[in-house]
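Please read the structure below before turning to the comments.
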Amino acid sequence: MKNELRHIASQFDLAAPIAAINSLGDGFINDTFIVRTEGDAPDYILQRKNKNIFPDVPAMMENIRKVTEHIRRGVVAAGGDPLREVMTVVPTHDGALCFEDANGDFWAVTVFIADTVAYNKADSPELARKGGEGIGKFQAQLADFHEPLAETIKGFHNIRHRFVQWDEALAKDAAGRVKELAEEIGWIESRRKEMLAFWEKVEDGTIPTHVTHNDTKINNILFDKNGEVLCAIDLDTVMNSTSLNDFGDAIRSYTNTGDEDDRDLARVSMSIDMFRAYTEGYLSQRAAQLVDSEIDNLAFSARYITYEQVLRFLMDYIDGDTYYKIKYPEHNLVRTHAQYKLLQSMEEQYDTMCAIVREAVEKYR
């Protein structure tokens, strides 16, 4: 495998000979390696992109090129360091953005940004605020980006698309489980109308679309040694959508006091302190750019994204667990119940969430 990795890495326009290649991290989607080079040249990140998740890797890499070049121009204009404040895509020797190997797998290379800090979890309001700043900064840097981007994952966060899948799953009942799930199915159906009403505002342009990251975990933000945001990384899911999707998904993950698959539902709730911290960090970067319809629906986006995840876990359970990896037969049902408890907590605290958004907007506009 090491010789194969060296062969693949050597297809790219690296600044120095390869000294070593080692596995990096334990990502769920892509296989990631660090390429160490000789001398003082930079090191590199080599990734095998998951073609099952991303059916058009060249189009995905073109998205990343467009977005990073736009951010780089802004960083340079502001007198920043473009080698540290934005990802740098490294082309192959013939100028392609990715390399297809003999097995039909696609590989891509970016410059490794050294002397940085990354976190696997936001475990304090202070870190949650920094995470909000990171995604807010990324969106702000692309607020004036107007080039078309490919849809790398069809129907991502599009609840109308999810309802088509949902209705088909109920009708098919592939695993014969529907008869046991009347209560859970009721959770989905009772909120269908309000979720479609939100998405209709995106479809008709009331809520505008921008460039969104679509994977807002805090480990996709790099910080410098002083704890300041450097840049967003892992841009495979960059697409055009509403900025609210990034906000809502971040709130879903940052504020949960329990685990995504927690069996003890008493542990699961939305931390209002973590919500306040992330919201203030995010709006410190974005309040002046967002229009009123985005502000008005910001808190609701957390309910929307969490609801979508309840639907997706339950739908996969109904389908016979064909999408998410499971550790035991009821895993997706446990996930469904835990996410629903989080959704309920958001609904109970919704008025407070809206008030926090308004306060932050007044502070930063």
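Just a few scattered comments:
- Taking the range 297-348 as the range and being β-branched (Val, Ile, Thr) and open to solvent by less than 30 Å² (accessible area, probe 1.4 Å) as the test, the residues that pass are Ile305, Thr306, Val310, Ile318, Val334, Thr336.
- Any hit, the range 43-58, residues being within 20 Å of Asn214 (Cα to Cα), open to solvent by less than 30 Å² (accessible area, probe 1.4 Å) and of a type in the set (A, V, I, L, M): yes
- Qualifying residue in the range 14-28 (condition: among the hydroxyl-bearing types (Ser, Thr, Tyr) and modelled with pLDDT under 95): yes
- Members of the range 123-155 that are touching a Lys or Arg at 6+ places or on another chain (Cβ under 8 Å) and more than 25 Å from His210 (Cα to Cα): Pro125
- Thr237 out of contact with any helix residue (DSSP H, G or I) (no Cβ under 7 Å at 6 or more places or on another chain), in contact (Cβ under 8 Å) with a residue 24 or more places away in the chain, closer than 22 Å to Asn52 by Cβ and open to solvent by less than 20 Å² (accessible area, probe 1.4 Å): yes
- Verdict on Leu149 being at pLDDT 95 or above and not in a loop (DSSP other than H, G, I, E, B): no
- Scanning the range 76-103 for residues that are at pLDDT 95 or above, farther than 18 Å from Gln47 by Cβ and of a type in the set (A, V, I, L, M, F, W, C) gives Val76, Ala77, Ala78.
- Of all residues in the range 334-365, none satisfies the criterion of being within 27 Å of Leu181 (Cα to Cα), of a type in the set (A, V, I, L, M, F, W, C) and free of Cβ contacts under 8 Å to residues at least 40 places away in the same chain.
- Residue, farthest from Pro55 (Cα to Cα), within the range 116-166, restricted to residues that are free of Cβ contacts under 8 Å to residues at least 60 places away in the same chain and under 19 Å from the mean Cα position of the chain (by Cα): Asp123
For (1) free of Cβ contacts under 8 Å to residues at least 60 places away in the same chain; (2) open to solvent by 10 Å² or more (accessible area, probe 1.4 Å); (3) not basic (Lys, Arg), each residue gets a yes or a no:
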residue	(1), (2), (3)
Asp204	yes, yes, yes
His210	no, yes, yes
Asn226	yes, yes, yes
Val229	no, yes, yes
Ser243	no, no, yes
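- Selection status of Ile135, buried (at least 19 other Cβ atoms within 10 Å of the Cβ) and assigned to a loop (DSSP other than H, G, I, E, B): no
The values are calculated or read from the model by the stated rules, or taken from the named source; none is laboratory data. The shown structure was predicted, so the numbers you read here are calculated from the model rather than taken from an experiment. FYI the Cβ positions are ideal-geometry reconstructions off the backbone, even for glycines, and counts take in every protein chain you see. Accessible surface areas use protein heavy atoms only, side chains included; no ligands, DNA or RNA. Shrake-Rupley method; radii C 1.70, N 1.55, O 1.52, S 1.80 Å.
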